[in-house]
Amino acid sequence: MSLVFSFYSVFFLSSSLGSFFVAFLAWQRRPVKGARELAYLMIAAGIGAFWLIFETAAPSVTQKIFWSKLEYFGGIATPVLYLIFVLRFTGKDKFLTVKNVVILFIVPFITLLLTITNEQHGLIWTGFSDISEQTNLMEYYHGIGFWIGYIAYTYLMLVLATISLIGFIIRQNKPFRSQAIIVLAAGLCPWITSLIYLTGNNPVPGLDITPVSIILSGVLSAVGILNVSFLDLVPVARETLVETLPDGILAMDRQNRIQDINQAALLFLGIRNKNIIGFPAESAGASEIQLLNAAIDYEPEHQVEILRDNEVKTFRILKQEIKNQQGGRLVVIRDISDRVERQKEIKEAEERYRNLYSVFRLMADNTEDFLWAKDINNKYTFVNKTMCDRLLISNNINEPIGKTDLFFARRERKAHPENPEWHTFGEICADTDVQAIHGKGSKQFDEFGNVQGKFLFLDVHKAPIRDENGNLTGVAGTARDVTHTKKLEEEKLIALESLKKSEENLQRINAEKDKFFSIIAHDLRGPLSGFMGLTQIMAEELPNLKTSDIQEMALSMMNSSETLYRLLENLLHWARIQQGTFPFNPEVIPLLPCVSESINLMLGLSKNKGIEIVNTIPEKLTVYADINILQTILRNLISNAIKFTPIGGKVSLSAKENRDNKVEITIKDTGIGMSQTIIGNLFRLDVQTNREGTKGEPSTGLGLILCKEFVEIHGGSIWVESEVEKGSEFTFTIPGSSEFM
């Protein structure tokens, strides 16, 4: 592909680079309202101009059509992007929803598709002229798709943008009107160039200067950015900031001509005509002449009272010189009527306070409570007569004024040096000062020794004192003698505590009684009934029974008798513990033989279920314990482990000496485990935690409670770790022999 670059190619190259430069300037200021949209517009125009470089340099019709189609990718979007930029600049953001923007691009998108497929329908270009030998340009003959989808739609976008700008210019003050005029002038460029192109008055046939007009619009916008800075002075921001202020804002030059004024200033001055920018303030038609004269005056501050609607209004007028404008000044008119009214109310309240103070003083001095107030430096500003009489042995109410809590502390300790442990009144007051500052100043029932040598209980309350601005200025307090009330409450608490303990003891006794009767009524009767049933069968059917049947019955009777024996043994031990008659004779004994003997007693149960018992107790380990009680603990824990372990499981016994000279003995099984709820209630007599074993073996839960009692008799503790279906691990401690040797 051989391209013939010409002056026109350079022209479009310059235009493209200029467009991209304007886009860069706008993007640098993209936080400003409208800058981002202007950048998009210039990028689209630059893309269109860029492809025209190659269109003007292409030597054949086919190549020129190809580059013209690429030019449409940028050019077709510029009218829509220009309208979006204008809407953003004029503050009509509410129209720029995603849905509306998509709708605006539908026609350009269809037109672009028609351009790409023009060879199939000829709706965009119906034909082409010969390529000029002098300019290497050719003319395009357009179809109905071009006139509707490109020209008509472009003009529609420009009309909407122009209407929006004209309306904006009419509404705005002079500084912002100038900015809008720049944007409007920029928007007229595409109108003019497109008319030249379409009417055939183009000075160079075949040269499309419409993209250049869009770039010229961007250049005007760039002038605005660099010189007028219209993107920095966004009118919407001015409306949001200035027009919403409650204060009147008025800007004037040295000839008192109004440069800017907001709605509040118009209202305060009584000016009805809003279009007074550039007019002298004296001829603006203000009805409040006194207020206007104060605003025009060069004095930096004024306060003016005027009568409006039978109401006195007070205004404060502040002035500030405008830099770089000799004689120019910014005037702020502030309505302070409410503040002045509040000050009057405060003065009236102070007068009422002075009138009421004498009454208050009389009431305060005749109450039995202590009353006082302190400033922010903890110095007393008020005390009542009662406080002076009881603490100072004096009725001089002015004596503590200006002094701190140490004044009372010294007086009290000097009067009673033999009681240094007394809390002084000054200490009680100081103790709640910090709390009072945060609105929590109260301290009930403080013990306090007064000058008569009696112990008192004072109910002390404090509260912060604040000025009209909410600043803390001091603390006020009261103290009441509640000694009698305190003693009554203490007696009541003692009685309630005693009653609570009696109630808890009664509940415990009832729970133990219920548990005892439950064991006798249910758990004891079950195995006994089974034993009796088997003996009845043997008595009635013995001649007809086989030897194997008799042996099976005998085995069942043996198991029932063993269960009955252990249950009766546990009941007997538990009853003797409750009565305090259980013998306890500890001695130094080797641990392994004791454990082995307990295991041998359980071999029948373990073999019946095929459970392996592993004993890893160290041979030389000794303990200081009652051997009978220790074996009872071991039998119960081993029996439980076998009971809740499935057939073919495993029970392990281990022991070690810890740092506290205690021996930790652990019985671990591979059984069904326990939930955390069961573990939490395991050693409580008042909660049912008993479950059947893995072969339906009965369980009362009394054995574990008995184990806990026996372990604690030795001064040890017992605990369990378990998870459901992962087995259980019971551990208990008893004294090691090294502690007693």
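The values are calculated or read from the model by the stated rules, or taken from the named source; none is laboratory data. Just so it is clear, the structure is predicted and the values come from calculations on it, not from any experiment. FYI the Cβ positions are ideal-geometry reconstructions off the backbone, even for glycines, and counts take in every protein chain you see. We work out accessible area using only protein heavy atoms, side chains counted, and drop any ligands, DNA or RNA first. Shrake-Rupley method; radii C 1.70, N 1.55, O 1.52, S 1.80 Å.
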Would you point out the residue of region 695-722, among those that are at pLDDT 85 or above and of a type in the set (S, T, N, Q), that is nearest to Lys662 (Cα to Cα)?
Ser717
Please indicate, with yes or no, whether at least one residue in region 287-305 is at positive phi and not polar (S, T, N, Q).
no
Suppose we filter region 587-609 for residues that are modelled with pLDDT under 90, open to solvent by less than 40 Å² (accessible area, probe 1.4 Å) and not charged (D, E, K, R); how many remain?
3
Sort out which residues of region 32-53 are outside any helix (DSSP H, G or I) and surrounded by fewer than 22 Cβ atoms within 10 Å (Cβ to Cβ), and write them in order of number.
Val32, Lys33
Quick one: would you say Ala436 is surrounded by 11 or more Cβ atoms within 10 Å (Cβ to Cβ), modelled with pLDDT under 70 and under 30 Å from Ile346 (Cα atoms)?
yes
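Table: residues versus (1) open to solvent by 40 Å² or more (accessible area, probe 1.4 Å); (2) over 23 Å from Leu160 (Cα atoms).
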| position | (1), (2) |
| --- | --- |
| Val61 | yes, yes |
| Lys64 | no, yes |
| Trp67 | no, yes |
| Gly74 | no, no |
| Thr78 | no, no |
| Leu81 | no, no |
| Gly91 | no, no |
Within region 54-63, the count of residues that are part of a helix (DSSP H, G or I) and closer than 10 Å to Leu137 by Cα comes to 4
So is Arg390 over 44 Å from the mean Cα position of the chain (by Cα), at pLDDT below 75 and either among the charged types (D, E, K, R) or within 23 Å of Phe457 (Cα to Cα) (or both) or not?
yes
For region 297-334 the number of residues that are touching a helix residue (DSSP H, G or I) at 6+ places or on another chain (Cβ under 7 Å) and either over 17 Å from Ala251 (Cβ atoms) or open to solvent by 20 Å² or more (accessible area, probe 1.4 Å) (or both) is 6
So Val383, is it open to solvent by 30 Å² or more (accessible area, probe 1.4 Å) and of a type in the set (Val, Ile, Thr):
no
Can you tell me which of Gly143, Gly167 is modelled with pLDDT under 85 and either closer than 30 Å to Phe279 by Cα or touching a strand residue (DSSP E or B) at 6+ places or on another chain (Cβ under 6 Å) (or both)?
Gly167
Here is a list: Lys319, Lys374, Lys323. Which entry is without any contact (Cβ under 8 Å) to a residue 60 or more places away in the chain and assigned to a strand (DSSP E or B)?
Lys319
Could you tell me whether any residue of region 343-351 is farther than 26 Å from Asp247 by Cα, open to solvent by less than 100 Å² (accessible area, probe 1.4 Å), not aliphatic (A, V, I, L, M) and not in a loop (DSSP other than H, G, I, E, B)?
yes
Being in contact (Cβ under 8 Å) with a residue 60 or more places away in the chain, more than 59 Å from the chain's Cα centre (by Cα) and exposed (fewer than 14 other Cβ atoms within 10 Å of the Cβ), is that true of even one residue in region 118-128?
no
Which residues, taken from region 12-31, are in a helix (DSSP H, G or I) and surrounded by fewer than 18 Cβ atoms within 10 Å (Cβ to Cβ)?
Leu13, Ser14, Leu17, Phe21, Phe24, Trp27, Gln28
Just one listed residue, out of Phe85, Phe109, Phe146, is farther than 30 Å from Ser6 by Cβ and either open to solvent by less than 20 Å² (accessible area, probe 1.4 Å) or in a strand (DSSP E or B) (or both), and it is Phe85
